[in-house]
Every structure is written in C-alpha cells, then in structure tokens.
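Inspection log for the structure reproduced underneath, given as structure tokens.
The values are calculated or read from the model by the stated rules, or taken from the named source; none is laboratory data. Predicted model, so just to flag it, every value in this text is computed and none were measured. Note that we place each Cβ from the backbone using ideal geometry, even for glycine, and neighbour counts take in every protein chain shown.
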Amino acid sequence: MLIIDEEHRFGVAAKEKLRQVKVNVDTLTLTATPIPRTLNLSLLGARDLSIIATPPPNRQPIFTNVSTFDALKIREWIMNELKRNGQVYLVHDRVQSIDKLADYIKRYVPEAKIGVAHGQMKPSQLEEVIHGFLNRKFDVLLSTKIIESGIDIPNVNTIIINRADRFGLAELHQLRGRVGRSDRQAYAHFIVPSLSGITKKALRRLQAIEEYTEIGSGFNVAMRDLEIRGAGNLLGTEQTGFINDVGFDLYVKLINEAVDELKYQDFKEVFKSLPKIEERTDPTIDTFFEIGIPVTYMPEQMDRLNFYTALYSVKSLSEIEELKEEMLDRFGVLPEVVKRLVLTATLKFYSSFALFERVAIQRKNIFIILPRGEKEDYYKVRFVELMRFIMDHYKDKIKFNQQKEVMKLVIENRFEKAEDILSYLITFCGRVSKLFGNEVKIKIEAEEPA
C-alpha cells in the first residue's frame, strides 16, 4: 500500500514514479484540498472519496479578510497579537526582497522581534531561526511559503500573507491552516496591491477563501478551485484544464456518456460481464403549486441546497426515504411544501425510467413530453409499446398530441389536491417504466377520482 500525505504537493509524474516501485499497488492519498484532477476523478466515480469534516475539539473558524497593503494596518494586526502574548506569521514569497520587507516592518513595528526564514538559507541557519521562533525568541516569523505544511505552533494565531493574488487557492487554504491550531480565535489577513489591479481568477480565488472559513471547508475550497481552473486531462500529466465553455455538470455528463459508450459499444467484448446499462432520461418537472424547502423550516442555505441536490440526483427509492428520515430527524415534521417536494423527486425518479423528457402539471391539464423526434430508436420500439399500453389501460384518460417534432401525452387534471396528482403520475410512470423492462418498485398507488 502506498500512502501519500499532502497530495497536492506531488505532481502526476512523481506519483506515477512512486507507483512503479511495485506493481498493483493500492494508493491512499490524503490532503485538505484535493487538486482539481483528483477531485474530478473522485466525482466521476473513478476513485473512492472519503471526507473527514469533523474538527478537533475547541477549534474555532479562522477570521479571514482581504485588504490592500497598508503599513498601519499591518502594525495594528501584529500589535493585537502581541498584546495577547501570541506570535505572527508574515508570508512574503519573494526571496530577493524579503530582507527589505523585514527592514520596512521593523520601522513600523519596532516593538516586534522579527526572524527571517526561506528555502535558500543554509539548513543550520534555517533550523536556528525556526527553533528561535518556537522558543519565543522572535515575535514575527517573516518567511516564504515553506511554512505551508508541517508547521504546527499553537501559539501563532495571526497570519499575514503579502501578494495573496500570486498564490493558488489550495496554497492559501493550507497557509491559513497554519494558525488556529489551539482554542484561541485566529486571524488570517490576505494582502493585495489593489483589488482593481488583480486578475479575475485571482479575485475569484480570494473571494472563495474569504467565503469558506469554517473548519473542514477544504472540500468546498477544492470544488471552487475545480470550477476556476477546470478538471484537466483524465489521462496524461495536465492537472488543470478549461471546462468553463460547457460548465461542470455538462462536462461530467459528457464524460459519463463517453465512458458508457466505450464500455457497452466499442469494448463490449471486454466488458461482457458488466450488467446491462439502464435506460434513463433526466426529466424536468414543472408544477403550478408550490414545492420547496422554506427558510422557516431549514434556516441554513447550505443545508437547503444539499437536500435539493440530493433529492434530484437519487439513484434509488431508498435514498429518497433516507433523505426524508434525515429531514424529520434534524428539522422536525415536514411541512406540506416539503412533502410535495419529496413526491416530486419520486416522480422525477420514475419519469426518468419511463424515458419522459418533461412533466408539466398545470391547473387544467398535465402534459408529459416524450423524447424528441430525432431519437429514432425510441419511436421504433418504445413508442409503439407505450401506445399499446395506453390504449389498453388509459384509453379515455390520456390523449396523444403532436406539435412539429414534439410528442405529448395530455391528461385532464381532475384532482383537487397536489398530493393526489403526484401520486397518480408516480403510479403511471412506474407502470410505464416496468413496461420498458425497468423493474422499479411502486410505493404509492393512486386511482383517478370517479
């Protein structure tokens, strides 16, 4: 087994070289901020991902702010830390000018003893400075980003990073993690020359680091990094790339489709033993009645977003039940709009196996949109089966309607309650999905009113 700690510090070539030491090696990589390529592979299911988001006891979120360079502000931040008998990291990632900055800081903060550390110093000198800082001989450690990982000094609870626009998002998060390693409130100050003079990407990185201040938010930071930098090549050495043109969701969808196509068409002989892929669509559900999660029921926006995302991307009915139970457990009895949301998620699940493109529930009629006309395979087999099924079981209740290339099923809405409409449609979509050979268990039966 190969265990790689601080994975973001290793390149693809370095990791492959390590793996070549022995054939068929199991690899476990650890990092607070996965690089975009690794995170993308995990999201695609090519690698397993586990998240440890529980912080050590008594840790507090680090107060984070971005501001322009101001010597008086720097003096204030350093003096505030010294007043509570603490120490300060000051990061300046340019060896050529680090001594000049040390002289400049000494002029404005004469009370502070400053130690300088960088990678071009002799090992004995560097060791002397770090030991001196550990033993409180220095109040401020002015260094390059060599302190990014591995440094753990609980007494240091303020970090000031000069020219933060030159750092990557993972580096900023790692540097911020050097403080707040005790039960004291920690502060991270990111300095830029001016907010108008930095690039758009640098501004987005700084916005992300200022937004995600909670303990254990490295995964969120990495997700934002993936959005900003792109996912890179799945094969090859490039760790970042450009997916802005299509968006991340569509990019992942295209990759999944390409992988399935290779598995079940081009290399079907190789993957004979794999189970047959299920036919599914990604239908849209429109309703005239209100569905959702109210702020009064679930106050945190992130919680609401997580539940919305989870409900509309479920792969089994048991997942819907688990999410429902979790909401009951954490937030209490489900309001009517949330119950409808759960039913709508169930309807979306069944509609996807029934191969419907869209379900639009209006006050007078319900419209179910079938796949577009260019999908010839559907209309050669599936459509004929569906037409026979409706003629046998829903002859007077469901009508066919075609406009140009769009084929619709039209159902007269005779229901009074939203729950009855959803239950009826779930039953119908469940029966159609069974007709198409998708064995999905129907949990809710609802008959049309007489």
Report summary line: Given the conditions (1) without any contact (Cβ under 8 Å) to a residue 60 or more places away in the chain; (2) in a loop (DSSP other than H, G, I, E, B), every one holds for residue 141 apart from (2)
Report task. Please indicate, with yes or no, whether at least one residue in segment 292-308 is surrounded by 12 or more Cβ atoms within 10 Å (Cβ to Cβ), among the basic types (Lys, Arg) and assigned by TED's automatic domain parsing to the domain that holds residue 347. Result -> yes
Query raised in the report: All but one of (1) over 26 Å from the mean Cα position of the chain (by Cα); (2) farther than 30 Å from residue 195 by Cα hold for residue 52; which doesn't?
Result: (1)
Report summary line: The residue from 311, 323, 334 that alone is touching a helix residue (DSSP H, G or I) at 6+ places or on another chain (Cβ under 7 Å), within 20 Å of residue 422 (Cα to Cα), surrounded by 13 or more Cβ atoms within 10 Å (Cβ to Cβ) and modelled with pLDDT under 90 is 311
Query - Scan of segment 84-113 for residues that are under 16 Å from residue 161 (Cβ atoms) and buried (at least 16 other Cβ atoms within 10 Å of the Cβ), ordered by number - result: 87, 88, 89, 90, 91, 92, 93, 98, 101, 102, 105
Report task. Output the residues belonging to segment 314-338 that are closer than 22 Å to residue 368 by Cα and assigned to a helix (DSSP H, G or I). Result -> 317
Query raised in the report: Is it the case that residue 416 is charged (D, E, K, R), modelled with pLDDT under 90 and in contact with a Pro (Cβ under 9 Å, 6 or more places away or on another chain)?
Result: yes
